[in-house]
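For reference, the structure is listed below as C-alpha cells.
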C-alpha cells in the first residue's frame, strides 16, 4: 500500500446488500455504573431479551457475531449460558463500535449461502466494574500500543479525553466551533436520557447553564463532553426480510452500509485530516447503497465518546458542510421533537450508557417500530454511525 | 543523517506493536528506551538532539517510525536531526491525572507540534515555561530537553518538551 501525502483513508469495497437483511429482534441489558456483573451475565441478559422480542428460542440461533475484543459472547459462552449444543456459525466481524454497523454485511453472506437462518450480534462490557484494574480505565487498549507507550504517553498525551480535547481545540480554531455548540450535543443527549428510564443518567438533568458552569477538566472539555463508563450490553437478531415478516414485531430493513478506514489508525496525532472521521468514506457508500441521501434521514445515532466526535460525524456523514457542524447542532436541532435531525434519542454514550454503540442500533430499530421512549414522529429512516478512530462505519435502516 | 538503521528485531506486523492485558512494565509511563522502534529517538534526546526517521527509499519523514513507509512501501530508514523549531498545532490543559503516575504533573499541557521541516510531522509533547492562557494556534515554538519523572516510578528520562520561541 503506497499513498500520496495527504491521502488518509478509503472506503471498504462492499457489494450491494440493500434489502437482504432484516433486524427482527433487539434487546439490551440493564445499564449501570459498577455493578459487579460479568460481561457474560450482561450479554446473556441482553440476548434473552432479544430472543423474547423476536419470538425465538435459543436453539433458533444458528449464527453468532461478536467483536474481537476480550470477554465477548462466543459460541462456547452462548451454549454454556443457554444449555444448548447445536451447530452455530460464528464471526468476529460484529459486536459494537464499527461492527455494529457492518455485521449485517457478513450476516447477509451467511444467510444467502445457508450457513445461518437467524444471526445474533452481541456486545457488552463490564468496564465500570473493571475500571480500577485497567491502565487508564478504557485507555488501556491505547496503553497497550507500544508506539503510544514510547512516543505519546511519556509526554502526557493520553488517554482518550486528551486525544479528543486536542482535536476539539483544533476544530474550534479551524471552524469557529464554540463550547456552547459542543454543549448543545451534551444537553440534547441528556434530555433524551431524562426521558428514557433505561438510561444511567435518567434522573440527572443538564441545562446549558449547568454545562457551561462545569469545570474544564481537560480544557476545552468538561466532563459532560465525555461519555460515561458503564456496565452494559446489547444484542440484535438478523434474518432475511421474508422470515422477518413472520416476526412478532415490525422488522427494520438494512438498506445500506459502509466502512471507512484511516491509514493512521489510532495514532490520531498523525492523521492528516485531523478534524475528520472515516465517516467521510463510509457514509457516501452507505447512502449510495441505500439509494437515499442525508436529507432523507429522520434519526441519526452515532458512537459518541465525546461531543466533538458527534460533531465531526454529523459533518462527515453529510448532514451539513464540513466545518458547519457547530452552527448546525446549536439550539434544538438534535432533539427528538425538533423535526430536524433527531440524534441519540436513547441518550447515547454521553448519557445512556457507554456500551460502545450496540444500544444505538437497538434504539434505531425501536424508533422505526415506534416504540422508543423519546419517540421521533414518523421515523422511517434511521442511521447509526460507528467509530473507532482507525475505522468509521455507517448503517442505514428503514422501516420494514 | 546517520547510517541506515538496522531493521528492528521484532515482527513487523501490527500485532507486534502491542502488548496484551494490564501494563506491567515497572518503568511505565516512562518510555522503554530499549524498544527498537524508538530507541534512537530517546538516545538522541539524551544527547539533546531531536531526531526523526527519514525513509531511505523516498526521502519522506516516517513518523511514527513503523517498519514500512506509508508512501512508498520502503523499509530501511535513517534517523535525521531536525531543527527543533515548529508551530503549535493544538494543545489541551489537563487538570485531572488520568494515571496515578501523573498525580504530581497536574496541571499540564500536552500538545502537538508541527515540525518546521515538514508540518505533516506532529510531535506529541508538553508545553512548559508558559502560561497556557498565552498559547495561540500555529505560534512558533522550540524544543527544550528536560528530565521527566513520574509519581511512584524510579528513574527519569530526558525528553523533548517545547517552549514558546
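The values are calculated or read from the model by the stated rules, or taken from the named source; none is laboratory data. In this text the structure is predicted, and so the values were computed from the model without any measurement. Note that we place each Cβ from the backbone using ideal geometry, even for glycine, and neighbour counts take in every protein chain shown.
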Would you check which residues across region A:53-77 are touching a residue at least 40 places away in the same chain (Cβ under 8 Å) and in a helix (DSSP H, G or I) and list them? A:53, A:54, A:60
Of residues in region B:83-106 being assigned to a loop (DSSP other than H, G, I, E, B) and more than 7 Å from chain A (Cβ to nearest Cβ), the one farthest from residue B:133 (Cα to Cα): B:83
Select from region A:1-44 the residues that are outside any loop (DSSP other than H, G, I, E, B), out of contact with any helix residue (DSSP H, G or I) (no Cβ under 8 Å at 6 or more places or on another chain) and farther than 19 Å from residue A:346 by Cα and write down the one among them that is farthest from the other protein chains (Cβ to nearest Cβ). A:41
Got at least one residue in region B:38-46 being assigned to a loop (DSSP other than H, G, I, E, B), within 17 Å of the chain's Cα centre (by Cα), surrounded by fewer than 21 Cβ atoms within 10 Å (Cβ to Cβ) and more than 10 Å from chain A (Cβ to nearest Cβ)? no
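Per-residue answers, yes or no, for (1) in a loop (DSSP other than H, G, I, E, B); (2) buried (at least 21 other Cβ atoms within 10 Å of the Cβ); (3) facing another protein chain (nearest Cβ under 8 Å); (4) out of contact with any strand residue (DSSP E or B) (no Cβ under 9 Å at 6 or more places or on another chain):
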site: B:117; (1), (2), (3), (4): yes, no, no, no
site: B:124; (1), (2), (3), (4): no, yes, yes, no
site: B:130; (1), (2), (3), (4): yes, no, no, no
site: B:137; (1), (2), (3), (4): yes, no, yes, no
site: B:152; (1), (2), (3), (4): yes, no, no, yes
site: B:162; (1), (2), (3), (4): no, yes, no, no
Could you please give the count of residues in region B:61-79 that are at pLDDT 95 or above and either within 17 Å of residue B:146 (Cα to Cα) or within 7 Å of chain A (Cβ to nearest Cβ) (or both)? 2
Return the pair list, or none, for Cβ contacts closer than 6 Å from residues in region A:79-98 that are without any contact (Cβ under 8 Å) to a residue 60 or more places away in the chain to residues that are assigned to a loop (DSSP other than H, G, I, E, B) and surrounded by 14 or more Cβ atoms within 10 Å (Cβ to Cβ), at least 6 apart or on different chains. A:88/A:62; A:89/A:115; A:89/A:116; A:94/A:66
Is it fair to say residue B:72 is under 25 Å from residue A:215 (Cβ atoms) and part of a loop (DSSP other than H, G, I, E, B)? no
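Could you please find all residues in region A:355-400 being on the phi > 0 side of the Ramachandran plot, in contact with a helix residue (DSSP H, G or I) (Cβ under 9 Å, 6 or more places away or on another chain) and at pLDDT 95 or above?
A:356, A:357
Quick check on this structure: which one of A:287, A:300 is closer than 17 Å to residue A:398 by Cα and in a strand (DSSP E or B)? If you could, list the steps in order and put the result at the bottom.
On the way: A:287 fails: in a strand (DSSP E or B).
The unique qualifying residue is A:300.
Of all the residues that make up region A:271-284, how many are surrounded by fewer than 22 Cβ atoms within 10 Å (Cβ to Cβ) and assigned to a helix (DSSP H, G or I)?
As a first pass, look at region A:271-284 and keep what is surrounded by fewer than 22 Cβ atoms within 10 Å (Cβ to Cβ): A:272-274, A:284.
From the residues that got through so far, the ones that are assigned to a helix (DSSP H, G or I) too are A:284.
Here the count works out to 1.
Just the residues that are in a loop (DSSP other than H, G, I, E, B) and touching a helix residue (DSSP H, G or I) at 6+ places or on another chain (Cβ under 8 Å), please, taken from region B:47-65. Write out each step before concluding.
Step one: of region B:47-65, the residues in a loop (DSSP other than H, G, I, E, B) are B:47-50, B:56-60, B:62-65.
Of everything in region B:47-65, those that are in a loop (DSSP other than H, G, I, E, B) and touching a helix residue (DSSP H, G or I) at 6+ places or on another chain (Cβ under 8 Å) turn out to be B:50, B:63, B:64, B:65.
Of all residues in region A:303-337, how many are over 17 Å from the mean Cα position of the chain (by Cα) and either assigned to a helix (DSSP H, G or I) or buried (at least 21 other Cβ atoms within 10 Å of the Cβ) (or both)?
The qualifying residues number 8.
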Condition check: surrounded by fewer than 24 Cβ atoms within 10 Å (Cβ to Cβ), at pLDDT 95 or above and within 18 Å of the chain's Cα centre (by Cα). Does residue A:16 satisfy that? no
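How many residues does region A:123-139 hold that are touching a helix residue (DSSP H, G or I) at 6+ places or on another chain (Cβ under 7 Å), at the interface with chain B (Cβ under 10 Å from one of its Cβ atoms) and outside any loop (DSSP other than H, G, I, E, B)?
Here is the first cut: in region A:123-139, the residues touching a helix residue (DSSP H, G or I) at 6+ places or on another chain (Cβ under 7 Å) are A:123-127, A:131, A:134-139.
From the residues that got through so far, the ones that are at the interface with chain B (Cβ under 10 Å from one of its Cβ atoms) too are A:134-137, A:139.
Then drop every residue that is not outside any loop (DSSP other than H, G, I, E, B), which leaves A:137, A:139.
Counting residues in region A:123-139 that are touching a helix residue (DSSP H, G or I) at 6+ places or on another chain (Cβ under 7 Å), at the interface with chain B (Cβ under 10 Å from one of its Cβ atoms) and outside any loop (DSSP other than H, G, I, E, B) gives 2.
Against the definition (within 29 Å of residue A:246 (Cα to Cα) and surrounded by 23 or more Cβ atoms within 10 Å (Cβ to Cβ)), how does residue A:74 come out, yes or no?
Details: within 29 Å of residue A:246 (Cα to Cα): yes; surrounded by 23 or more Cβ atoms within 10 Å (Cβ to Cβ): no.
In short, no.
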Regarding region A:102-114, can at least one residue be identified that is closer than 30 Å to residue A:326 by Cβ and modelled with pLDDT of 95 or more? yes
Within region B:139-150, the residues that are farther than 30 Å from residue B:69 by Cβ, in contact with a strand residue (DSSP E or B) (Cβ under 9 Å, 6 or more places away or on another chain) and in contact (Cβ under 8 Å) with a residue 24 or more places away in the chain are B:139, B:149
Would you confirm whether any residue within region A:81-95 is buried (at least 20 other Cβ atoms within 10 Å of the Cβ), part of a helix (DSSP H, G or I) and over 16 Å from the mean Cα position of the chain (by Cα)? no
Out of A:219, A:145, A:231, report the one residue that is farther than 29 Å from residue A:281 by Cβ, within 7 Å of chain B (Cβ to nearest Cβ) and touching a residue at least 40 places away in the same chain (Cβ under 8 Å). A:219
